[in-house]
Amino acid sequence: MERELRATAQCICNSLPLSLEMPAGTGKTHLVAAIATIAAETSKRTLILTHTHSGVDAIRRRLNRFGVSSRAVHVDTITGWAFDLARSYPLLAGTPIPAVPDWSRSAEYIAGATRVAGSSAIRDMHSVSFDYFIVDEYQDCNQNQHRFLLEIARAIPLTCVLGDRLQGIFRFRNEAPLVDWDVDVSSRFPPHAQTFEAQRWKGHNEVLGEWLLSIRPGLLLGLPLDLSAISIAGLTWKTIDSASIVGEALRSRPPGESVLLLGKWAADLDDLGRNLRGVYEVMEELQGKFMIEFLSLIDNSPATDHAFLLAQFAKKCFTGLAGIDAAVLRKLESGVTISHLSRPGIEVVQQVLDSILTGSSLDALANAMGRISRAPNLKLFKREAWNDSRTAIENASGSEDISALEAFGRIRDSIRHRGRRIARRSVSRTLLVKGLEFDHVIIADADRLKDYANLYVALTRSRKTVTVFSRRSIISL
Amino acid sequence: MRIRHLHIENFRGIKSLDWLIPPDKKFVCLIGPGDSGKSSILDALYWTLGERWSLSITDTDYFGGDFENSITIRVVLSDLPTEIRSHWQLGLNLSGINQTGEMAHDPIDGFEPCVVVQLTIDKEMEPTWSLYRPDGTEPWETISSGTRRLFSIFKIDDRVDNHLRWTRTSALTKLSDSNRNMSETLANALRAAQDAVSEVIPSSMNTLAADIGTQLGKIGSGTFPNLKPGLDISGSASSGILALFDGDIPLTNFGLGTRRLAAIATQEMAAAGKSVILVDEIEYGLEPHRLVHLLKHLRSEARHEQVFVTTHSAIAIEQLDSADLAVIALVDGAMSAQFVPHDLDFAQATLRGSPSAFLAKKIIVTEGKTEIGLLIGLIESWDALASENGTATSSALGVAIADGKGSNAPSRAIVLSKLGYDVSLFVDNDNRTMDSEITEANSHSVMVFRWDEGKCTESQLIETLDAQNLTDLLRLACNTRGDFATVKSDLLNFSLEGPRIPDLQVGNWLIDANFTIHSARTLISNAARKSKWFKDIGYGILLSQFVLERYEQLSVEPFGVELNRLREYLYATDTRPPVQRNNVSGENF
């Protein structure tokens, strides 16, 4: 750990409780890990909560690099911690909680966990377990999460909350409003003054980093961003047009460097992924609505429908399956074989689909999916969706007790603990990449981003270059 | 940490046990008849809470030897150490227990946090340690040996030598672990020892070893060109090879008592926080003074948060408060464990008066010393007969005689009966103030043996004696009172009309001194009672000899009939007779 970082972290440890607002890329994750490391050096233990699984991963990696024992720090998502508390203490939570989390109900888990954390026994549990409490990305907390975290902070008074109000992009429908930094955060946790350096861009593109720091005050005020007037190495603005987006994405980059292509909606990502023919992988949201749709159909349909359902699903995940057209799908739906039809290049897929036409076991279905993955002339661009669905079906076939959907829930839940694999070239949305870093970022449709916070998050994901596609050079959201 | 509840199913002789331990029980002494399963309770606690990850389980550990019924042991622990309560250990597995022992899934208001540790052993003899939650749903989370180590539970039994060596689970090793680099030090020491040994080994031993090598080669077991003596640092011996020495003598060579004390001492040092200590047969190997000292130490040592001991020693029991005692009873596998309740009168008095009674199965509470002596003598003779006939003796049946201290006898009998003992009362019938208490005792399943109304032991006996036997009794009285003159003066004190007492020959009294056999009996009876001719255990024994010599003759008299009834009760192998006779409420009232 560098001396400067240690000094900063030590100063924070000595001034707790406090809140600290830090712009993107100024080493927030580093600082969080440094605080926990300094604590661990004096046998103190730290609870670190953040919002996303990628955030958890990033902090864990940093802690590993600092050589902190996992016995000294516990890192989790806020909802993950809430689920564990509510699940362990249903009487205190006032509500029964299933063994496998249903993340669409996380608001209930938070509400239950708030009651759990407020009980004297669990306040004691928190206070004997941890000396320090750190919450990262506090700007993303809604009012309910805020109340939950305040209960924990009551048990662990040495609390440090970090965040950046300009990165507050978690806004789900029907959810409590997000915290107001001035009203909710600063009042509870005294603001800590700190100077920042653009860390993320060191050794990559420091000029870009300085520029990103410089635009922050304007974006905070809601001022439009004029990209035409700016000349920063690595920052490119282009008029939107799909051919050039693909061209930019497929441009050769130095080996080993990562590229993130950002779209807005899930459908945009699939289109982009399809156009990029499997060179990029489409990142899926953790809940995996797309896969859930497919797997619940598999669970609830007769086995004779598997071939038809699989053909539909495969078309959404692979390029090269144009031959599985409406005619083919109609035949499969009515249980008629398709191998005799001439579809050059995808004969293997035709055979595989025919082989499960008369009704197959889940085992045979998983096997068929494996054979389709290996079939020639196909490109898999929704790799995560395809592979996790296949694994779920395989796991369900090996057990009498669980459906494919339940098996999928477990797979996704285990990602929560293990962390997810990020492809070197990913297509994604701002919401899914918060806290992640890439060498190169391409923003596919900047004027359609929801707000300046989304724009700021998108721009600050990159270390080396950002290419912004938009209709106009002045981005006004 | 405190053990608050113990639940056992199908473990050894215990088909079922549910034992609630109040929160204030710091020192618990398990007592009860020899085979009541006290040691099994300690083993159940140790198996469940100890840090071992494998157990040597055999068929006989299953109730009735039937391994189809899996073994379940559940222990509720409260007052948990900080580390256990933390998220790093069992912070997400806390349940609740309230002052009266009710349980809740969560540590809700009014309930303090606790954990329920469960050991199950399935029919494959595979042990599983897990965290049970009341009203919860399986599967339970498992609990590691490392976490169980934090419970700091120790057991002192006859296998104490382990604790005097540096073995994997011994207290010495624990002590060493807290000292950095200890394992490395040990490894280096072993290596140095290995070298040293090879240097001092006489050449003759080396030659012998080489010869053995040659011989092995000859008989075809391969070649051993380099066979030599050395320290065995392989396998299990590598840790056990280091032992505690006193001077040149390893502690394992000392007497059992010393070894057990040394083991307790090392474990007290090894327990990082507060510990729970289990001592099976605490009196084992210890002289009374060392036993008394050890008990005092264990009851006061702050390092032990809770102590469980078993004992068969009246000396041990005498040192304790009645509230320390938990009486274990086992009937057809159904075990009960009951603390001597605080609200039971006379518990402490009973403990002080007749500590050994607490160790028996069947207790006869007697009115006084005469009856004790009489019973001792009778039982000795009855036992001899039982031995001859090959039937169970009183000690095999767990019979004990307790001094009821006169009119306290009925209340003491009630105390003992409430604790689950099979209790009978053997009392005089000349004190009307005892009647109501005797009735109450009878309603508490106490079997009552009582003389005819108005009679005490002496008068009931004497009223059946003829002149010759009365004379013999007077001779016996001369022994207990010292001489004839004293006996004579005793008699004269109660002789209203001052008749002459010419000599010991009661036959002569009838002829020469205006006595009838009745008046002679009344006088002797009064004198015997008022002058306490036989009020002493030793004299009671002498009296029993007198009775035994005339037993056949007496057995048709009320005196003998009642004794025979008592004898039948004492030697009955089933526990309590279903129908009780009661002299108080029956014929006499």
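The values are calculated or read from the model by the stated rules, or taken from the named source; none is laboratory data. These numbers come from a predicted model, not from an experiment. Because the Cβ atoms are built from the backbone with ideal geometry, glycine has one as well, and the counts that use them run over all protein chains shown. For the accessible areas, the whole protein counts, side chains as well, though only heavy atoms, and no ligand, DNA or RNA atoms are used. Shrake-Rupley method; radii C 1.70, N 1.55, O 1.52, S 1.80 Å.
Among the residues of region B:505-532, those identified as part of a helix (DSSP H, G or I) and open to solvent by 40 Å² or more (accessible area, probe 1.4 Å) are B:ASN508, B:LEU510, B:ILE511, B:ASP512, B:ILE517, B:HIS518, B:SER519, B:ARG521, B:THR522, B:ASN526, B:ARG529, B:LYS530.
Residue under question is A:ASN14, and the condition is that it be away from chain B (no Cβ under 14 Å), in a helix (DSSP H, G or I) and closer than 22 Å to A:SER186 by Cα; does it hold? Answer is yes for this residue.
Cβ-Cβ contacts under 6 Å between residues 6 or more apart (or on different chains), taken from a first residue in region A:70-83 that is over 12 Å from B:HIS87 (Cβ atoms) to a second residue that is of a type in the set (S, T, N, Q) and buried (at least 24 other Cβ atoms within 10 Å of the Cβ), are listed as A:ILE78/A:GLN145. Pairs linking a residue in region A:424-437 that is more than 19 Å from A:GLY278 (Cβ to Cβ) to a residue that is open to solvent by 40 Å² or more (accessible area, probe 1.4 Å) and assigned to a strand (DSSP E or B), with Cβ atoms under 7 Å and 6 or more positions apart or on different chains, are A:GLU437/A:ARG463.
The single condition among (1) within 9 Å of chain B (Cβ to nearest Cβ); (2) among the aromatic types (Phe, Trp, Tyr); (3) open to solvent by 20 Å² or more (accessible area, probe 1.4 Å) that A:PHE130 does not meet is (3). Looking at region A:399-477, the helices (runs of 4 or more DSSP H) lying wholly inside it that each contain 3 or more residues that are surrounded by fewer than 19 Cβ atoms within 10 Å (Cβ to Cβ) and at pLDDT below 90 sit at A:404-418. Filtering region A:97-124 to residues that are polar (S, T, N, Q) and in contact (Cβ under 8 Å) with a residue 12 or more places away in the chain leaves A:SER104, A:SER106, A:THR114, A:SER119.
Checking each residue in region B:109-150 for being modelled with pLDDT under 90 and of a type in the set (Ser, Thr, Tyr) picks out only B:THR137. Across region B:1-35, the qualifying residues are those that are in contact with a Phe, Trp or Tyr (Cβ under 7 Å, 6 or more places away or on another chain) and among the hydrophobic types (A, V, I, L, M, F, W, C), and the one among them that is nearest to B:MET103 (Cα to Cα) is B:LEU6. Highlighted here would be helices (runs of 4 or more DSSP H) found entirely within region A:69-118 that include at least 2 residues which are open to solvent by less than 10 Å² (accessible area, probe 1.4 Å), within 10 Å of chain B (Cβ to nearest Cβ) and of a type outside the set (A, V, I, L, M, F, W, C), but there are none.
Among the residues making up region A:347-373, a single one is within 13 Å of A:GLY320 (Cβ to Cβ) and free of Cβ contacts under 8 Å to residues at least 12 places away in the same chain: A:GLU347.
So, in region A:31-60, of the ones that are in a helix (DSSP H, G or I) and modelled with pLDDT under 90, which residue ends up nearest to the other protein chains (Cβ to nearest Cβ)? Among them, the one singled out is A:VAL56. Could we say that B:ASP466 is under 30 Å from B:ASP503 (Cα atoms), surrounded by fewer than 19 Cβ atoms within 10 Å (Cβ to Cβ) and touching a residue at least 60 places away in the same chain (Cβ under 8 Å) here? In short, no.
Among the residues that make up region B:414-422, is at least one of them more than 30 Å from B:ALA528 (Cα to Cα) and open to solvent by 20 Å² or more (accessible area, probe 1.4 Å)? Yes - at least one qualifying residue is present in region B:414-422. Is it the case that region A:46-67 has a residue that's closer than 26 Å to A:ILE215 by Cα and open to solvent by 30 Å² or more (accessible area, probe 1.4 Å)? Taking every residue of region A:46-67 in turn, none turns out to be closer than 26 Å to A:ILE215 by Cα and open to solvent by 30 Å² or more (accessible area, probe 1.4 Å).
The condition of being over 42 Å from the mean Cα position of the chain (by Cα) and at pLDDT below 90 holds for only one of B:LEU504, B:LEU465, that being B:LEU504. Of the set (1) out of contact with any Ser or Thr (no Cβ under 8 Å at 6 or more places or on another chain); (2) touching a residue at least 12 places away in the same chain (Cβ under 8 Å), all apply to A:SER252 but (2).
Considering region B:113-126 alone, what residues qualify as being more than 8 Å from chain A (Cβ to nearest Cβ) and open to solvent by less than 50 Å² (accessible area, probe 1.4 Å)? Matches in region B:113-126: B:CYS114, B:VAL115, B:VAL116, B:VAL117, B:GLN118, B:LEU119, B:THR120, B:ILE121. The set of residues from region A:169-202 being assigned to a loop (DSSP other than H, G, I, E, B), modelled with pLDDT of 90 or more and surrounded by 15 or more Cβ atoms within 10 Å (Cβ to Cβ) comprises A:VAL179, A:ASP180, A:PHE189, A:HIS192, A:TRP201. Among strands (runs of 3 or more DSSP E) entirely within region B:16-99, having at least 3 residues that are open to solvent by less than 20 Å² (accessible area, probe 1.4 Å) and within 14 Å of another protein chain (Cβ to nearest Cβ) singles out B:95-97.
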